[in-house]
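Contents: one structure, followed by commentary.
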Amino acid sequence: METNGNEEVTSLYSLSCRDRRFSKHIHDNVHGNIYLDPFFLQFVDTEQFQRLRELKQLGLTHMVYPGAVHSRFEHSLGVYWLAGEAVHTVQGHQGSEINIERNDIRTVKLAGLLHDVGHGPFSHLFEREFLPRVLNGSEWSHEDMSVKMIDYIVDAQHIEIDAAILNNVKEMVLASSANASQNTVNEKRFLYDIVANGRNGIDVDKFDYIVRDSRACGLGCNFQFQRLLETMRVMGDEICYRAKDYLTVHKLFATRADLHRTVYTHAKVKAIELMVVDALTLANGELSISASIQEPAKFWKLDDSILRQIETSDKQELKKARDLVLRIRRRDLYQFCNEFAVPKDKQEHFKDITPQDIVCSQKNGDTPLNEEDISVSIVKIDLTRGRSNPLERFGEALLACISTSSIKFFQDYESDYKFPIRDERISHLLPAFCQDMIVRVYSKKPELVGAVSKAFENYQLKTYGMKAQVHDTPEKKKRRV
């Protein structure tokens, strides 16, 4: 640990000319050259961090979008780099006014580097689908595990790090999670909004994955994070943006929602995810997959290769799980039957639909179905704040845990006044509702697509008095055997 770690970096010039003689240079396909000095290399060159190479950023999406094979390793490097660029930008613009010290820069960059080190296999499927099923509603989160992993890496690798820096890094990692600290941050609160922004959702994590994921999937991306990164300004201990960049901010949230709709929750991606969750559940007793989630020493050894382990095992105890994985390899997937969007006025009190609800909607004479024949997926897509618009004031229900206002803007660099902007003052073409909730039903057996589709239609008629789906299930799919 350097003894002069709190030296203030006094100018943008000095920041841009940092001594890189002892840095490792990595060429990233999104951000270009990324530099890691020895302090950060202590964390990168560990087996725990290198594990991120074995975790695909988009989980199973590559089975639909073949180019989506990038890992959480390069994403973490990207967030590290953008975190440094963000803090350098505000320091360069505002100098001693905001009193950013060298340790502040180091802390923010380390939080960016390590923010996903506790992630489980297959993107968010592990914590949102698999663990709640095998551990009865588990609320385990990768953010909490990242904090444990950070402590574990420091201890296991004997890394010398100031206790205050370490504590602040962990708080920054948790800043947008349910376990974010509410009362320990007394100054420089804006630094905690750079990596994981619990205040309004604009952070460099999104800057990186939106561009990186779009590129990997072969999709265009007209969101330019550089516009926001280069002009952000700290006002009243929060990061604000120029009023003229309002539509760029909106594009951030809209592009993220579009990626969720077209990529992350693609109907076939979800079909494969449902099958993997079933396979992991069947294999959990034999492989004790869920037993490692509280112990970093075991958890870091768990990655996407667990699927290959199931597939190549000769154990009889894994036969059912192995058969499911082989079905995925042979593209014998759970069959998507149909979907509907939950009406806006029904979303607030929406109750999750289960296979039992579909089975109970059958009529006399219909092909009999069992709950085991059906999978239901509930997809929620929003602008990061549920049904609330992150660009406007939060609803009353959120006031107890977050700031009473969302994103703040300023007129120009001569102005010291910050203010929110309502959508209607910019355009009447922007969405008036900020959340989609989609119910999808799948048949686990191709020959039951017709029966499942019919039962699903009956459920809609019974619940909403109409077919909420856009169109009937194609007859060709119903006849498939």
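The values are calculated or read from the model by the stated rules, or taken from the named source; none is laboratory data. Predicted model, so just to flag it, every value in this text is computed and none were measured. We place every Cβ from the backbone using ideal geometry, glycine too, and count neighbours over all the protein chains shown. The area values use the complete protein model at the heavy-atom level, side chains included, leaving out ligands, DNA and RNA. Shrake-Rupley method; radii C 1.70, N 1.55, O 1.52, S 1.80 Å.
For the pairs LYS56/LYS268; LYS188/LYS251; LYS170/LYS408; LYS244/LYS380; LYS109/LYS301; LYS206/LYS346, note any where the Cα-Cα span goes beyond 22 Å.
Where the Cα-Cα span goes over 22 Å, the pairs concerned are LYS188/LYS251; LYS170/LYS408; LYS244/LYS380; LYS109/LYS301; LYS206/LYS346.
Among (1) 23.1; (2) 26.4; (3) 24.7, find the value of mean projected area of the Cα convex hull in nm² that was calculated from the structure presented, and write down its label.
(3)
With the crude spin-label approximation of a point 7 Å out along Cα→Cβ, what separation in nm comes out for GLN309 versus GLU414?
6.4 nm
Could you report segment 167-296's accessible area per residue, 1.4 Å probe, as an integer in Å²?
Result: 36 Å² of accessible area for each residue.
Keeping all protein chains in place and using 1.4 angstrom, which order do TYR334, TYR417, TYR464 fall into by accessible surface area, from largest down?
Putting TYR334, TYR417, TYR464 in descending order of accessible area: TYR417, TYR464, TYR334.
What is the gain in length, in nm to one decimal, between THR463 and ALA341 on full extension, counting 0.36 nm per residue of separation less the C-alpha to C-alpha distance?
42.6 nm
Of HIS142, ALA83, GLN224, whose Cα points farthest to the positive end of the dipole of segment 22-264 (charges on the beta-carbon: +1 Lys, Arg; -1 Asp, Glu; origin at the Cα centre)?
Of the listed residues, the answer is GLN224.
What distance in nm separates the two pseudo spin-label positions at GLN294 and ILE26, each 7 Å out from Cα along the beta-carbon direction?
So the two model labels end up 3.3 nm from each other.
Roll a 1.4 angstrom probe over the protein heavy atoms and tell me the percent of accessible area of the chain that is carbon or sulfur.
47 percent
Hey, can you rank 38-51, 359-372 by average C-beta count inside 10 Å, highest first?
38-51, 359-372
Quote the charge dipole size of segment 86-200 about the Cα centre in Debye, to the nearest 20; the model charges only the Cβ of Lys and Arg (+1) and of Asp and Glu (-1).
200 debye
Given R₀ = 30 Å, FRET efficiency for LYS476-THR367 by Cβ-Cβ distance, to 0.05?
The computed FRET efficiency comes out at 0.95.
Roughly how much of LEU333 is accessible, in Å² to the nearest 10, using a 1.4 Å probe?
10 Å²
How much length is gained on full extension from ASP155 to TYR35, taking 0.36 nm per residue of separation minus their Cα-Cα distance?
So the chain would gain 40.7 nm between ASP155 and TYR35.
So for the pair ALA254, ARG327, with labels modelled 7 Å out along Cα→Cβ, what separation do we get in nm?
Each label point is offset 7 Å from its Cα along the Cβ direction, giving 4.0 nm.
Considering only protein heavy atoms, what per residue accessible area in square angstrom results for segment 92-145 with a 1.4 angstrom probe?
Heavy-atom SASA per residue in segment 92-145 reads 35 Å².
So how tilted is helix 246-259 from the main axis of the chain? Cα-based, degrees 0 to 90, rounded to 10.
40 degrees
Quick one: helix 102-114 against the long Cα principal axis of the chain, what's the angle to the nearest 10°, folded into 0 to 90?
Value to nearest ten degrees: 20.
With a 10 Å radius around each residue's Cβ, average the other Cβ atoms per peptide and rank 81-92, 212-223, 131-142, highest first.
The densest-packed peptide leads the list: 81-92, 212-223, 131-142.
If each DSSP helix of 4+ residues adds -39,500 (n - 2.57) and the sum is divided by the residues in the chain, what number results at 222 nm, nearest 500 deg cm²/dmol?
Helix-only estimate at 222 nm: -11500 deg cm²/dmol.
Compute the angle between helix 142-156 and the longest alpha-carbon principal axis of the chain, please, reported from 0 to 90 degrees and rounded to the nearest 10.
Result, in degrees: 50.
Would you mind telling me the antiparallel percentage of the DSSP bridges in the chain, rounded to 5?
Expressed as a percentage, antiparallel bridges in the chain total about 95.
By how many nm would the segment from ARG422 to GLN356 grow when fully extended, if each residue of separation counts as 0.36 nm and the alpha-carbon distance is taken off?
Working it through step by step, the gained length comes to 19.5 nm.
Which peptide among 341-354, 93-106, 195-208 comes first, and what is the full order, when sorted by highest mean count of other Cβ atoms within 10 Å?
195-208, 93-106, 341-354
I'd like the FRET efficiency for ARG102 and GLN50, computed as 1/(1 + (r/R0)^6) with the beta carbon distance as r and R0 of 25 Å, rounded to 0.05.
0.35
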